[in-house]
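Here the structure comes first, spelled out in structure tokens, and everything after it is commentary.
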Amino acid sequence: KLETNKRVEPAEPTPGMQSLKSARFLEVKEEPKYPDGFKSPNPALNLGGARKARTYDKDFLLQFQGVFKEKPSVDWDTKVKETLGPDEPASARAPASAR
Amino acid sequence: TNGQAAADGSVITVFDDPSNFNVKHALQNTWTLWFTKPPSGKQDWSELLKEVITFDSVEEFWGIYNNITPASELAQKSDYHLFKRGVRPEWEDPQNKYGGRWSYTFKNSKADDKAWLDVMLSAIGETLEDEGDNEVMGVVINIRRAFWRVGLWTKSAGQPPKKGSKEAADVEAGNADREAGKKRLEKIGKRFKDYLNLPEQEQIEFSGHQDSAHSGSSRAKAKFAV
């Protein structure tokens with residue numbers, strides 16, 4: 001397809017988006033050493049369980065809030081607008097790349 | 001230097017380098033975020049319900065949360081639903097047939113983003129229930145004209161064991177508690193109330209979906225409260 005209009009979204013995934021895709025899952029028994037100032041998940045929540053992933057307390061999870069801010073995909077803003085935004089008449093709807 | 005670190009097999013978390021990490025934190029379940037659009041005409045509710053995204057890591061949750069409209073900015077008649085993958089956030093889903101929900105209504109028009117975030121974190125972090133409870137289906141926030149409401153959907157509604165079942169036989173023999181299902185839901189409800197940071201005297205209410213469906217509205221009589 002022809003794309004003559006200037007892009008409103010970056011065409012390439014950012015390094016952070018790519019890292020999220022390629023990173024492997026930590027194993028339950030694996031305890032990485034976090035940088036100074038970051039806490040591990042509360043160990044009391046993870047004693048002796050047969051769960052396939054960890055249980056995470058709120059304080060642990062909140063540490064990510066200011067750290068990971070990558071959009072899930074390069075077309076995320078368009079997708080959010082289409083899914084959450086007000087309905088437009090069908091005739092006014094144009095392909096994202098031509099907007 | 002992080003490129004080298006990765007090459008020698010060492011672990012780089014998002015805290016070490018947010019744009020060049022090689023491990024991520026798995027959630028116990030895969031979750032789907034749904035959105036209910038405010039009606040603009042005569043659509044069915046089910047046409048307004050849209051899947052936004054499905055995710056399975058802590059990192060991905062924050063990427064979504066940091067880049068989507070906060071609950072406090074949603075229009076009236078919007079809902080967010082965060083449900084385990086494969087469960088539609090509707091009574092009609094067969095997996096919700098025998099279920100119910102805990103809910104609490106806040107009587108102001110603007111949603112508290114922090115309260116809703118805490119509810120989502122308790123769901124994806126799996127701290128609402130104990131291992132093996134297998135009750136939590138999802139959490140929901142409804143934005144309405146003069147109030148907003150949060151809900152926690154569960155798989156059962158605290159019914160006593162069915163006649164003729166093994167559980168009923170255990171109860172009969174004195175080896176099991178007839179109220180075990182209800183007690184399990186009350187334990188989960190208390191945690192939900194804690195995450196909402198509600199004063200002790202406030203009550204959250206539980207109702208079964210079947211009761212709600214038959215009463216024709218979501219204002220069914222509460223079966224129990226904590």
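The values are calculated or read from the model by the stated rules, or taken from the named source; none is laboratory data. Keep in mind that what you see is a predicted model, and the values were worked out from it rather than measured. Using ideal geometry, Cβ is built from the backbone for each residue, glycine included, and neighbour counts are taken over all protein chains shown. The area values use the complete protein model at the heavy-atom level, side chains included, leaving out ligands, DNA and RNA. Shrake-Rupley method; radii C 1.70, N 1.55, O 1.52, S 1.80 Å.
Below, the figures for the structure above:
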| item | result |
| --- | --- |
| Per-residue mean of C-beta atoms belonging to partner chains within 10 Å, peptide B:124-130 | 4 |
| Whichever lysines have a C-alpha closer than 23 Å to that of B:Lys42, once near sequence neighbours (fewer than 8 apart) are set aside | A:Lys81, B:Lys50, B:Lys77 |
| Carbon + sulfur, % of accessible area of the protein assembly as shown - ligands and nucleic acids excluded, 1.4 Å | 49 percent |
| 3J(HN,Hα) from dihedral phi, segment B:43-48, Karplus parametrisation 6.51/-1.76/1.60, rounded to Hz, x for glycine, proline | 5, 5, 4, 5, 6, 7 |
| Residues A:Lys69 and A:Phe25, FRET efficiency given R0 of 22 Å [Cβ-Cβ distance, rounded to 0.05] | 0.60 |
| Nonlocal amide H pairs with B:Met137, under 5 Å, H built at 1.01 Å | B:Trp153, B:Thr154, B:Lys155 |
| Built amide H within the under 5 Å cut-off of A:Phe25, gap 5+ | B:Lys24 |
| Local electrostatic count at A:Glu31 - Lys and Arg +1, Asp and Glu -1, tallied over other residues with Cβ under 13 Å | +2 |
| Largest-first principal axis extents of the Cα set of segment B:114-155 (Å) | 38, 21, 9 |
| Additional length obtainable on full extension of the chain from B:Leu198 to B:Ala225, 0.36 nm per residue less Cα span | 8.4 nm |
| Modelled FRET efficiency - R0 25 Å, B:Lys183 with B:Gln95, Cβ distances, 0.05 increments | 0.65 |
| Karplus-derived HN-Hα couplings along segment B:160-171 (A = 6.51, B = -1.76, C = 1.60, θ = phi - 60°), whole Hz, x at Gly and Pro | x, x, 5, 4, x, 7, 4, 4, 5, 5, 4, 5 |
| Most to least packed among B:162-171, B:129-138 [average Cβ atoms within 10 Å] | B:129-138, B:162-171 |
| Karplus-derived HN-Hα couplings along segment B:124-131 (A = 6.51, B = -1.76, C = 1.60, θ = phi - 60°), whole Hz, x at Gly and Pro | 5, x, 6, 9, 7, 9, 8, 3 |
| Cα pair count fraction exceeding 26 Å, expressed as % - segment B:36-157 | 18 percent |
| Neighbourhood charge, 12 Å Cβ-Cβ cut-off, centred on B:Asn108 and excluding it, Lys, Arg +1 and Asp, Glu -1 | +4 |
| Rel. contact order, % - alpha carbon contacts under 8 angstrom, at least six apart, chain B | 18 percent |
| Accessible area expressed per residue, segment B:70-226, with surrounding protein chains retained (probe 1.4 Å, Å²) | 51 Å² |
| Interface burial for A against B (accessible surface, 1.4 Å probe, total of both chains, Å², rounded to 100) | 4300 Å² |
| Alpha carbon convex hull of chain B, projected area averaged over orientations, nm² | 16.2 nm² |
| B:Lys114-A:Lys81 pseudo-label distance in nm [points 7 Å out on the Cα-to-Cβ vector] | 3.3 nm |
| Alpha-carbon spread of the protein assembly as shown, three principal axes, descending order, Å | 69, 54, 38 |
| Helical contribution to [θ] at 222 nm, DSSP H n ≥ 4, -39,500 (n - 2.57), averaged over chain B, rounded to 500 | -7500 deg cm²/dmol |
